[in-house]
Every structure is written in structure tokens, then in C-alpha cells.
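**Q** Pasting a structure below so you can have a look.
The values are calculated or read from the model by the stated rules, or taken from the named source; none is laboratory data. As the structure is a computational prediction, the values presented were derived from the model and not from experiment. Neighbour counts are summed over all protein chains in view; Cβ atoms, including those assigned to glycine, are modelled from backbone coordinates with ideal geometry. Side chains included, ligands, DNA and RNA excluded: accessible areas come from the protein's heavy atoms. Shrake-Rupley method; radii C 1.70, N 1.55, O 1.52, S 1.80 Å.
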Amino acid sequence: PDWTHGGGPIKYHKRSSVMARFLSLLNTNRYLSGQSALTGHIGKVLVANRGEIACRIMRTAEILGIKTVAVYSDADRYSLHVETADESQHIGSAAADKSYLCIDHLIDAAKRSKAEAIHPGYGFLSERYEFAEACDREGIIFIGPPASAIRSMGDKIEAKQLMSSAGVPIVLGYHDNDQSDGRLKDEAQKIGPPLMIKAALGGGGRGMRIVNSMGEFENQLDSARSEAKSTFGNDHVLLEKYIKEPRHVEVQIFADSLGNAVYLYERDCSVQRRHQKIIEEAPAVGEITAKCDWCVCVSLTAFFVAWSG
């Protein structure tokens, strides 16, 4: 079936053709976003990340015949990703907020190296709409969603609001922009312990704290905010009812700026340690597929509304 959005039909592809369709998107560069995304071949891409994720992107770029630029802080001068790239650019001191989280430094590095595109990898600035906007202003292709979609989906507070308005069921909690201590404490009391304090930006289990009694709320809030600020550059949080022994099921969505979308079905990520996934099992065990299909269809519709403004 087709679902429509402001920019045209959303083409939904059956399970049997998902991988073929995804490869087709890669081969035609349709996975690129931004105003200048589809205007020509990319000759050089700057990878705004470090470590293994940067190396993986660089290996893929090599297969596609694309030159790569590594960025590094003082601490990473001799790291593997720097050696793997065709060239490298220094972006600051060891602290992440002085290097990998500094948008101006990354944009300057792309200009110096004459890279046509930036790949953010994951973590760091990958979910910061300000980064995508900065790339677009400078005429640099941002390999990822447009800023409007990142703003809606990268910020868990806005994403919760968007999904709720679309009819997707969400966990009981507080998802608003008033971040005052008093308001958060009042909302926490309404939800009642046990509850989860969760960083509004980022992921990977960072900036998350469980509150088992209201007496520990303030300390846990300070701890979550501190980690969120140092990791993601933003200390906003949301509150949710803590669910013990939940099923953590995810689906992965790929979409382009032309209205094409695929999703790679469900995987069960319930086996975790410190909120970090250890095992991902696909397909998920149990009668979960139909529920995921429905949620993805509704989520895609809401996503494209956000994408098209």
C-alpha cells in the first residue's frame, strides 16, 4: 500500500525486497539529504566521528571510490581512524566539547579539506539538527536526515510529542520543555516511583537514571543532567515510568528526500547491561511483527510530516 504525505506517496516495500531496495538507494545516492544532495557525485567526505564507526564509514567510502577525511582531537592523533583515512584534520583538544562536539571546528575542517560532504556517524553530533543546518548553510552535504526531521526525531521530547499526536502509544511520563527543578519534581511525583530520568538527546544508555524513591530524585536528576551535558552537550531530560523486565523491540527505518521509505523489520534488544544492548535478535520472538508493522506505518507518516515541514 501507499501512504501519502505533503511531498507525495510513501512507497512501502515488502519484506522480500527490502535489501534490494536499500542497495538501490545506496547505488543512486538517494540516501543523502540536504538541498544539494542529489546534484552530483561526492568525491570526498569528512567523517565527523572517531574509532570503529569512523573506520567502517571509511571502508565503505573506499569501496564506493570516495576519498575520506578523518578528524582528530589531541588524544586521537595516532588513532586507527586517522591512519585509515586518505587525509586528516585536527579539530581541537581532547575534551569532546572542544573537538568532536564543536560544530564550527568540523565545518572549518571540511572547508580546509574541500570535502563536499560530512558523514556524522553515530553519537556526538549525529542527532543535532544544528549540525545539519550548519552544513546546509555552508553548501556541504549532510549525509543523514534533514534538520527538520532530526529536530523532531533526535530530541526525545519532541519525538514523544510527535508520536503521541499521531496515535502511537507511548510510556506514561513527562515530555515537555519546562526543565525547572520544581516542575520536574512535581511531574515525577505524579508519575510515581520507580521512574526513569532520560536524557532528551543522544542514546547508548547515557544520561539515564532510575529513581526508586522520591528521596533520591534530586541526586539522580543532577547525575543524569551532568552526564547528558558532558556527552551530548545538552542537559534536558524527560521522565518516564520505569518498566521492569520490558520487551525492548526496535525497527530501523531508511527514507530519502524523494518520498521513498523502507524499514528492516523488528529486532529484539531486550538483553541489556546498564541500558546498553548486548544481543539483538531478529526477527523478534513472539507475536510482535503485526504490532511493529502498525507502529512503523503510523510513525513513518508522522516522520514525513515532520520532514516536509
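**Q** Hey, can you tell me all the residues within segment 147-170 that are more than 12 Å from the chain's Cα centre (by Cα), surrounded by 14 or more Cβ atoms within 10 Å (Cβ to Cβ) and in contact (Cβ under 8 Å) with a residue 60 or more places away in the chain? Lay out the reasoning, then the answer.
**A** Step one: of segment 147-170, the residues more than 12 Å from the chain's Cα centre (by Cα) are 148, 157-158, 160-170.
Still in the running and surrounded by 14 or more Cβ atoms within 10 Å (Cβ to Cβ): 148, 157-158, 160-163, 166, 168.
Ser148, Ile157, Lys160, Leu162, Met163, Ala166, Val168 - these are the residues of segment 147-170 that are more than 12 Å from the chain's Cα centre (by Cα), surrounded by 14 or more Cβ atoms within 10 Å (Cβ to Cβ) and in contact (Cβ under 8 Å) with a residue 60 or more places away in the chain.
**Q** Next up: Any idea which residue in segment 48-61 is least open to solvent (accessible area, probe 1.4 Å), counting only those that are outside any loop (DSSP other than H, G, I, E, B), closer than 15 Å to Ala115 by Cβ and not small (Gly, Ala, Ser)? I'd like the intermediate steps shown before the answer.
**A** Looking only at segment 48-61, we keep the residues that are outside any loop (DSSP other than H, G, I, E, B), and these are 51-61.
Within this subset, residues satisfying the condition of being closer than 15 Å to Ala115 by Cβ are 54, 57-58, 61.
Restricting the remaining residues to those that are not small (Gly, Ala, Ser) gives 57-58.
Working: Ile57: 23, Met58: 6 Å².
The residue in question is Met58.
**Q** Leu106 fails exactly one of the following numbered conditions: (1) at pLDDT 95 or above; (2) touching a Lys or Arg at 6+ places or on another chain (Cβ under 9 Å); (3) open to solvent by less than 30 Å² (accessible area, probe 1.4 Å); (4) assigned to a helix (DSSP H, G or I). What is the number of that condition?
**A** That leaves (2) as the condition not met.
**Q** A further question follows. Which of the residues spanning segment 203-261 are over 17 Å from Tyr122 (Cβ atoms) and among the hydroxyl-bearing types (Ser, Thr, Tyr)?
**A** Result: Ser213, Ser223, Ser226, Ser230, Tyr242, Ser257.
**Q** Six or more apart or on different chains, Cβ under 7 Å: which pairs go from a residue in segment 217-231 that's under 19 Å from Gly182 (Cβ atoms) to one that's part of a helix (DSSP H, G or I)? Could you list them?
**A** Partner pairs satisfying both residue conditions: Phe217/Lys185; Phe217/Ala188; Leu221/Leu184.
**Q** Restricting attention to segment 109-134, which residues are under 16 Å from Ile91 (Cα atoms) and either modelled with pLDDT of 95 or more or among the β-branched types (Val, Ile, Thr) (or both)? Spell out how you get there, then give the answer.
**A** Just the residues of segment 109-134 that are under 16 Å from Ile91 (Cα atoms), to begin with: 109-115, 118-120, 124-125, 131.
Scanning segment 109-134 gives Ala109, Ala110, Lys111, Arg112, Ser113, Lys114, Ala115, Ile118, His119, Pro120, Phe131.
**Q** Taking Ser230, is it closer than 30 Å to Cys102 by Cβ and open to solvent by 70 Å² or more (accessible area, probe 1.4 Å)? Don't jump to the end; show me each part of the working.
**A** Numbers: closer than 30 Å to Cys102 by Cβ: yes; open to solvent by 70 Å² or more (accessible area, probe 1.4 Å): yes.
In short, yes.
**Q** Still on this structure: Mind checking which residues of segment 257-287 are among the charged types (D, E, K, R) and either within 30 Å of Met214 (Cβ to Cβ) or touching a Leu at 6+ places or on another chain (Cβ under 6 Å) (or both)?
**A** Taking segment 257-287 first, the residues among the charged types (D, E, K, R) are 266-268, 273-274, 277, 280-281, 287.
Within segment 257-287, Arg273, Arg274, Lys277 meet the criteria.
**Q** Exactly one of these conditions fails for Ala290: (1) modelled with pLDDT of 75 or more; (2) of a type outside the set (D, E, K, R); (3) in a helix (DSSP H, G or I). Give me its number.
**A** It is condition (1) that Ala290 fails.
**Q** Moving to a separate point now. Would you be able to say whether some residue in segment 133-143 is within 13 Å of the chain's Cα centre (by Cα) and either within 23 Å of His41 (Cβ to Cβ) or not β-branched (Val, Ile, Thr) (or both)?
**A** Applying the first criterion (within 13 Å of the chain's Cα centre (by Cα)) to segment 133-143 yields 143.
Filter once more, keeping what is either within 23 Å of His41 (Cβ to Cβ) or not β-branched (Val, Ile, Thr) (or both): 143.
Checked against the condition, which is being within 13 Å of the chain's Cα centre (by Cα) and either within 23 Å of His41 (Cβ to Cβ) or not β-branched (Val, Ile, Thr) (or both), segment 133-143 yields at least one hit.
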